[in-house]
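What follows is a set of notes on a single structure, which appears directly below.
Every number in this text was worked out from the coordinates using simple rules, so none of it is lab data. None of the values given here were measured: they were computed from a predicted structure. Reconstructed Cβ throughout: ideal geometry from the backbone, glycine too, with neighbour counts over all protein chains shown.
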Amino acid sequence: MEANESQTQETYRATSFADFNPEHSAPGGTPERLEHLKEHGYVIINDFVDSPWIPILREAGRRVTQACAPENKYDVIDCSKGFIHRTGEEQPWALRGIIHPAFGEPSFNEFHGSTEFLDFVASWCHGLQPEDLTFRGTLLWANPRTHENKLGWHRDTTWWGTGKGYFAQKEVRGDGPEAYSEEVERIRWKEIQENNEKSIKERNGVSMFLALTDDECHEMVPGSHNRWRTPYEHDVLLPKSMKDQGVPYTPSWNGTDPLPGQVAIRLRAGEALIRNGTAIHTGHCVPERERNTLSIGWSKWGGESTDEPSVADVRHAWQLDPAVREALPHEWMKIAWDRWAATQKLGDTLEDRYTGFDIKHIRSGMVLGWRGELEKKAAEEASENKEEG
């Protein structure tokens with residue numbers, strides 16, 4: 001490096017922020033909060049600011065995040081029992097599995113089933129009670145410790161092709177460029193708008209980003225859940241592979257500039273974000289600012305399904321472990337787990353069960369995760385290959 005070359009890099013900071021509105025201080029699903037959510041696609045609530053759970057969960061979150069650091073591998077906790085999203089440097093940025101007993105942090109389950117949290121769910125969801133729930137997992141958002149980490153701008157809703165949901169181990173984005181035609185997109189958009197209206201009116205569940213420490217990592221374009229995207233936003237959202245295959249679009253974005261109207265949701269510890277995932281959003285974390293935010297919620301059970309169980313999305317496969325059920329502190333939570341588990345089955349490949357981090361270690365000879373025949377065979381083959389080499 002030349003002597004005059006700067007080694008400093010300016011720390012990323014959002015260009016504008018959205019903060020808690022004191023007009024939304026009344027607890028639960030008030031008309032004011034619901035109207036703001038309907039119009040803007042998000043609302044910040046303060047129901048848990050003074051909760052004694054927040055410091056308990058904060059310390060638990062810090063412990064599991066540190067335990068999942070890449071240098072620890074599986075020495076502190078067996079993180080192969082969950083699903084840890086990692087950056088290119090293998091640092092955790094989203095931790096699924098925190099309720100598995102292998103993680104050693106029962107407070108997450110205890111809060112999930114607590115009277116305080118259930119009272120909020122009932123107040124938001126027309127009096128929804130524990131006996132009517134189905135299981136909905138939790139995850140912890142974290143910031144990588146040494147490198148900036150940002151996701152691409154996206155909607156959580158499938159706005160192309162058939163509209164079928166995202167399946168992590170085999171993402172299918174339609175049959176080709178025709179799946180991204182404006183005609184198809186407008187069909188999907190009509191369905192999305194109908195679902196938006198239904199979700200506000202029926203409120204058959206609630207999910208939130210509950211900040212355990214101050215958080216400004218979630219960025220979104222308010223109102224984008226309720227309107228047709230602009231040509232600029234189409235350029236932002238359209239996959240490069242579809243551009244390369246000839247889907248018409250207007251080149252507008254340089255890949256780094258802020259989007260028109262974007263804000264960072266600024267949460268104080270104990271505040272929570274409830275939002276519509278159809279809104280255009282992203283996440284942007286830097287090492288200098290801790291992120292320790294819990295994604296948590298419950299859903300209303302829709303009754304027994306007559307469909308055959310489907311292979312679980314790899315992000316949720318770990319939840320099928322009976323040890324997860326046994327760790328739930330209330331019988332009604334176990335029944336909620338049973339309802340979810342009845343619709344799922346474990347896939348029969350490593351890719352159906354694990355992150356790339358775990359697969360790499362299994363294929364290096366370690367028996368991890370479910371520790372069944374699949375894992376043992378993969379580890380044995382790796383050991384044999386080493387011996388032959």
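The table below gives the values:
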| quantity | calculated |
| --- | --- |
| Over 18 Å between alpha carbons, listed pairs Lys201/Lys300; Lys150/Lys360; Lys81/Lys345; Lys81/Lys376 | Lys150/Lys360 |
| Rounded to the nearest 20 debye, dipole of the chain from Cβ charges on Lys, Arg, Asp, Glu | 320 debye |
| Prolate/oblate/rounded call for the range 148-258, Cα gyration tensor, a/c under 1.5 rounded | oblate |
| Cα gyration tensor shape of the range 1-105, rounded if a/c is under 1.5, else prolate or oblate by comparing a/b with b/c | oblate |
| Estimated vicinal HN-Hα couplings, Hz - the range 106-112 in sequence order (Karplus 6.51, -1.76, 1.60; Gly, Pro = x) | x, 4, 5, 5, 5, 5, 4 |
| Extreme residue, positive dipole direction of the range 250-345, given options Thr293, Val263, Thr306 (C-beta unit charges) | Val263 |
| For the range 231-245, Karplus couplings with θ = phi - 60° (6.51, -1.76, 1.60), whole Hz, Gly/Pro x | x, 4, 5, 5, 4, 5, 8, 5, x, 4, 4, 6, 4, 5, 8 |
| Förster radius 41 Å - calculated FRET efficiency between Arg371 and Lys334 (Cβ-Cβ, nearest 0.05) | 0.95 |
| Phi-based couplings in Hz for the range 270-286 (Karplus 6.51, -1.76, 1.60; Gly and Pro marked x) | x, 7, 9, 9, 10, 9, 8, x, 6, 4, 5, 8, 7, x, 9, 10, 10 |
| Choice from Ala378, Ala211, Ala94 with maximal GNM fluctuation in the chain (Cα, 10 Å cutoff) | Ala378 |
| Length gained when the stretch Asn72-Thr11 is fully extended (0.36 nm per residue, less Cα-Cα span) | 19.2 nm |
| Euclidean distance of C-alpha centroids, the range 268-292 and the range 193-225, integer Å | 11 Å |
| Relative contact order [Cα under 8 Å, 6+ residues apart], the chain, whole percent | 25 percent |
| Relative contact order [Cα under 8 Å, 6+ residues apart], the range 90-194, whole percent | 24 percent |
| Candidates Glu71, Glu290, Glu35, ranked by Gaussian network fluctuation over the chain, Cα under 10 Å, top entry | Glu71 |
| Debye log10 I(q)/I(0) for the chain, one point scatterer per Cα, at q = 0.10 Å⁻¹ | -0.73 |
| Interchain or long-range residues, amide H under 5 Å from Asn292's placed H | Leu212, Thr213 |
| Listed residues Ile265, Ile98, Ile192, most fluctuating in the chain (Gaussian network, C-alpha, under 10 Å) | Ile192 |
| Within the chain, helix-based [θ] at 222 nm, where runs of 4 or more DSSP H residues each add -39,500 (n - 2.57), nearest 500 | -8500 deg cm²/dmol |
| For the chain, share of DSSP beta bridges that run antiparallel, in % to the nearest 5 | 90 percent |
| Stretchable slack from Phe167 to Thr250, in nm (0.36 nm times residue separation minus alpha-carbon distance) | 27.0 nm |
| Relative contact order (percent, whole number), the range 278-389, Cα cutoff 8 Å, 6+ residue spacing | 21 percent |
| Asn21 long-range amide H proximity, modeled H, under 5 Å | Ile44 |
| Placed amide H near Glu105: partners under 5 Å, 5+ positions off or other chain | none |
| Full-stretch length increase - Glu191, Asn21 - with 0.36 nm per residue and alpha-carbon distance subtracted | 58.1 nm |
